[in-house]
Amino acid sequence: MDLDGLSLFIDTVKAGSITGAADKRGVPKSTLSRHLRQFEEQLGVKLLERSTRRLDLTEAGQMLFNNATPFIEELDDIQESVRAYQRQPKGRLAIQMPQELFTTQMGELISEFLQRYPDISLSCTQYSGLFPAPSPNYDLQFVLHDNPLPPSDWIARTLMSIPQGLFLAPHCRDKQPTQLSDLARCRCILQAGETQWSFRVGHNVESVAVTGRLILNSPDMQLQAAIRGLGLARLARYQAEPSVRRGALLEVKLAGQPVAQQLTVIYRSRELPLKTRLFLDHFQNHIGRLYSVL
C-alpha cells in the first residue's frame, strides 16, 4: 500500500474537505484531488463520495480510516523520534582504537565528549597488534599503520603522523646494528605477524626483513622488554624518549629512519549520523593534545 497516499487520505478525512487538506499541506487542490484518485485506483475501491458541499466516506473508506489512522499516527511519532536524533544527538556510539594509544589523553577526550552530550552512550574497544579489518560493529575505527591500508570501500581519513625510532638497552650497545642490512642478524622485539620494518632512505622507502624470539603486541611491554635487554624495539618516539632521557634506553641511528606510523580513522559512509560526526569533530578539534605529547 502507498503510505503517502494513505497519509493523504487520512489528512483529507480529518480536514473534512479536499480544500482544507490542500491548504494544510500547502499544495494545489487539483494536485491533491488527483493523488487521491490515483490512491483509490491503486486499491481498486472507492473511498470517498465527493460533492460540491461535503465529503462522505464509503463503507470501505470508513473501514480504512478507522484501522489505518492509529498506524499512521504511530508512524508519524516514529518519524519524529528519528528526526530528534538530528536535533539532539543520542544513542550508542561504538569505537575501536589501538591499545595504549595516548591512553590518558584519549580517556580525557572521551570523558569530555560524554559530559557534553549526556544522551550518548559510548563503547570503546581496544585492539593489539596489526590493524583489524573494517567491521560494521563499529561506528569509527582508529587504526595505526606503517604501510598503506588495503583497498576497501570504506572511508579512510588520515589524522596524524607518529614518528618512530629504534631503541636498545645501553648494556646491549655492542650488539647494535650500524646499517640496515645488519637488522637481519639482530634479535628484534616484534608484533604478531610482523616480518619486516620499513625505512625511509632519501626519497625511497625500503623494507628490511626482521626476526626475533620475542613477540609482544603491547607497546608498553615492548618498551619494558627493550629496557631489560631482550632485543631491539621499534617504538613511537613519544613513548621511548622518557626512558632515553633517564638512560634506560639508547636510540639506534641508521642511514634510514623508520617510517612514521599513521593514525587513520575509517568508517562506512560519508553520511555520518550526528553522534558519530560530533565525536569525530571533537577528536579533531582536540588532536593538538596528542601532538603535544609527541
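One table, with the values for the structure above:
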item	result
Leading residue by the ranking (modelled with the lowest pLDDT) among those in region 275-293 that are open to solvent by less than 70 Å² (accessible area, probe 1.4 Å) and within 30 Å of residue 208 (Cβ to Cβ)	293
Close pairs (8 angstrom Cβ cut-off, 6 or more residues apart or separate chains): free of Cβ contacts under 8 Å to residues at least 12 places away in the same chain in region 95-111, assigned to a helix (DSSP H, G or I) anywhere	none
Any chance residue 235 is closer than 24 Å to residue 127 by Cβ and either β-branched (Val, Ile, Thr) or in contact with a helix residue (DSSP H, G or I) (Cβ under 8 Å, 6 or more places away or on another chain) (or both)	yes
Scope region 165-196; condition polar (S, T, N, Q) and either touching a residue at least 40 places away in the same chain (Cβ under 8 Å) or at positive phi (or both); matching residues	176, 178, 179, 191
Flag for residue 218 being over 14 Å from residue 186 (Cβ atoms), of a type in the set (Ser, Thr, Tyr) and out of contact with any Leu (no Cβ under 7 Å at 6 or more places or on another chain)	yes
Qualifying residue in region 208-220 (condition: loosely packed, with under 15 Cβ neighbours inside 10 Å and assigned to a helix (DSSP H, G or I))	yes
Subset of region 255-269 [open to solvent by 20 Å² or more (accessible area, probe 1.4 Å), in a loop (DSSP other than H, G, I, E, B) and more than 30 Å from residue 121 (Cα to Cα)]	255, 260
Residue under evaluation residue 272, criteria (1) open to solvent by less than 50 Å² (accessible area, probe 1.4 Å); (2) in a strand (DSSP E or B), criterion not met	(2)
Residue in region 153-164 that is touching a residue at least 24 places away in the same chain (Cβ under 8 Å), open to solvent by 50 Å² or more (accessible area, probe 1.4 Å) and more than 24 Å from residue 266 (Cα to Cα) present	no
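Conditions (1) modelled with pLDDT of 95 or more; (2) farther than 30 Å from residue 289 by Cα, marked per residue:
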site: 208; (1), (2): no, yes
site: 217; (1), (2): no, no
site: 220; (1), (2): no, no
site: 236; (1), (2): no, no
site: 243; (1), (2): yes, no
site: 257; (1), (2): no, no
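The values are calculated or read from the model by the stated rules, or taken from the named source; none is laboratory data. Quantities reported herein were computed from a predicted structural model and do not represent experimental measurements. Positions of Cβ are backbone-derived with ideal geometry, glycine not excepted, and every protein chain shown enters the neighbour counts. Heavy atoms of the whole protein, side chains included, go into the accessibility calculation; ligands, DNA and RNA do not. Shrake-Rupley method; radii C 1.70, N 1.55, O 1.52, S 1.80 Å.
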